[in-house]
Structure formats: C-alpha cells, structure tokens
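A short worksheet on the structure shown next.
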Amino acid sequence: MQDTNSKNEEYLQILSREGAVVILKQLSFGPCRFAKLKKLVQHTTLAKRLKELEEAGLIKRTVTQNRPPTSIYEITEKGKEVLNILNQLKRL
C-alpha cells in the first residue's frame with residue numbers, strides 16, 4: 001500500500017506544478033509536437049514538465065526519424081486515468 005501512496009503523492013506533486021494539467025488536457029485530444037505545446041506553456045517550464053510527466057509514466061515521447069528529428073508527445077493510459085480523476089474532482 002505504501003508504494004501506491006508514494007506514487008499518488010508523486011502524481012500530485014507533478015500535477016500541482018505550473019503547466020502540468022494544461023499539457024495533459026491538450027494531449028488528451030491527441031498527440032502533439034513540442035511547438036504546439038509551446039503555445040500553451042512557457043518554453044522553459046514546458047521542457048521541465050514534459051520530462052517530469054514522461055518520467056512519471058503519464059505521457060510518452062516518440063522521436064521521429066525526420067531531419068531534423070521531431071518529438072511527439074501523447075498521453076498514456078495512466079495519464080488518462082489521472083486526468084479522469086481530476087475531472088471527477090472538478091465536479092465535486
């Protein structure tokens with residue numbers, strides 16, 4: 001049970017940071033490139049949040065083989081679950 005509690009605390013810490021929920025909501029509509037997300041969240045904040053969300057398993061990053069390489073971000077099933085919980089809390 002402790003592992004679940006510590007994981008939930010990790011999610012709460014990440015989601016409480018600037019831009020995290022905005023990123024998850026945008027990715028819930030479909031995969032996005034960094035440039036599109038940059039329109040929603042300040043560049044320096046965006047890079048940090050994407051890394052944190054990816055490390056927590058809430059989003060997935062795919063690098064294309066294009067020249068130059070492009071990173072595409074998408075929400076994971078775990079990210080969808082967390083976003084669903086947030087939406088339920090919003091209704092209370």
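Each reported figure results from applying straightforward, stated rules to the coordinates on display, with no laboratory input. As the structure is a prediction and not an experimental result, all values here were calculated from the model. Positions of Cβ are backbone-derived with ideal geometry, glycine not excepted, and every protein chain shown enters the neighbour counts.
Beta carbons closer than 7 Å, at least 6 apart along the sequence or on distinct chains, pair a first residue in the range 1-22 that is under 25 Å from Q42 (Cα atoms) with a second that is among the small types (G, A, S) and in a helix (DSSP H, G or I) for I14/A20.
Applying the condition of being among the β-branched types (V, I, T) and more than 9 Å from the chain's Cα centre (by Cα) to the range 30-79 and asking which residue is farthest from E18 (Cα to Cα) yields T64. Out of everything in the range 58-80 that is in contact (Cβ under 8 Å) with a residue 24 or more places away in the chain and assigned to a loop (DSSP other than H, G, I, E, B), what residue ends up being farthest from K7 (Cα to Cα)? The qualifying residue farthest from K7 (Cα to Cα) is T70. Taking the range 61-92 as the range and being buried (at least 16 other Cβ atoms within 10 Å of the Cβ) and farther than 13 Å from R33 by Cβ as the test, the residues that pass are I75, T76, G79, V82, L83.
Tell me the residue from A47, A35 that is exposed (fewer than 11 other Cβ atoms within 10 Å of the Cβ) and either touching a Lys or Arg at 6+ places or on another chain (Cβ under 8 Å) or hydrophobic (A, V, I, L, M, F, W, C) (or both), please. From the options A47, A35, the qualifying one is A35. Any idea which of A56, A20 is among the aliphatic types (A, V, I, L, M), buried (at least 17 other Cβ atoms within 10 Å of the Cβ) and touching a Lys or Arg at 6+ places or on another chain (Cβ under 6 Å)? One residue alone meets the criteria, A20. The set of residues in the range 4-57 that are over 19 Å from E77 (Cα atoms), part of a helix (DSSP H, G or I) and among the charged types (D, E, K, R) comprises K36, K38, K48.
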